[in-house]
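Working notes, structure below.
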Amino acid sequence: LRDHFFMEPEPRDSESGAGASSSDGLPRAAVAKLVKERLPPHLRTKPDVAALLSEMAGEFLQMLTSEANEAASAEKKKTLSEAHLLGALRKLGYPQLAAECEAVGEAEHGAQAAAKARKRKLKGAASTLSTEELLAEQQRLFAGARERLQAGGGEPPGAAAPKGAPDGGRSSGGPPA
């Protein structure tokens, strides 16, 4: 049994070297990078480890999607959902992984829901103002910016002096007068 899991992967015609990926697995370069990032710096792996992990991950994903597809088909659904995948994980004997994935999914959904609520709140606040009120608010903001600018005594960033100004019109991009 040990030899079965640690034997060399069978070569395929489509593979052309160490950086190749198979149609059944994940890209070997990506797998090798993941392995390298998670190993302590003093540990190394044999070159065929990435290929083996790639094949194993591909096989796992095929089993998972096959189980999820069966569940979706039983429900007469044409689209796989998170529930189908989580059920497939549990059916394949990975209840702990399913629980972890579910927790991550709930956290993501919570963050997305909060972002949507903020967007709706901002949209709702803007839509309660009439066009006249929005124009008056814009004018008030412009007047405040003008006052701050004049109180500071300087030009706003990117503002150009008119031609004939003390700087000779150089800030407008033209030749000196």
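The values are calculated or read from the model by the stated rules, or taken from the named source; none is laboratory data. Please read all numbers here as calculations on a predicted model, not as lab measurements. So basically every Cβ, Gly included, is an ideal-geometry build from the backbone, and we count neighbours across all protein chains shown. Only protein heavy atoms, including side chains, enter the accessible area calculation; ligands, DNA and RNA are left aside. Shrake-Rupley method; radii C 1.70, N 1.55, O 1.52, S 1.80 Å.
Of the residues examined, LYS121 is one that is at pLDDT below 90, open to solvent by 70 Å² or more (accessible area, probe 1.4 Å) and either touching a strand residue (DSSP E or B) at 6+ places or on another chain (Cβ under 6 Å) or in a helix (DSSP H, G or I) (or both).
How many residues are among the hydroxyl-bearing types (Ser, Thr, Tyr) and part of a helix (DSSP H, G or I) if we restrict to the stretch 59-86?
Let us first name the residues in the stretch 59-86 that are among the hydroxyl-bearing types (Ser, Thr, Tyr), namely 65-66, 73, 79, 81.
This time we only want the ones that are part of a helix (DSSP H, G or I), so: 65-66, 73.
The qualifying residues number 3.
Residue by residue, here is whether (1) open to solvent by less than 70 Å² (accessible area, probe 1.4 Å); (2) within 24 Å of ALA30 (Cα to Cα); (3) in contact with a strand residue (DSSP E or B) (Cβ under 9 Å, 6 or more places away or on another chain) holds:
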residue	(1), (2), (3)
LEU43	no, yes, no
LYS77	no, no, no
PRO95	no, no, no
CYS101	yes, yes, no
VAL104	no, yes, no
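Of the residues ALA83, ALA88, ALA72, ALA68, which is open to solvent by 50 Å² or more (accessible area, probe 1.4 Å), within 23 Å of ALA103 (Cα to Cα), of a type in the set (Gly, Ala, Ser) and modelled with pLDDT of 70 or more? Working first, answer last.
On the way: ALA88 fails: open to solvent by 50 Å² or more (accessible area, probe 1.4 Å); ALA72 fails: open to solvent by 50 Å² or more (accessible area, probe 1.4 Å); ALA68 fails: open to solvent by 50 Å² or more (accessible area, probe 1.4 Å).
Checking each option against the conditions leaves just ALA83.
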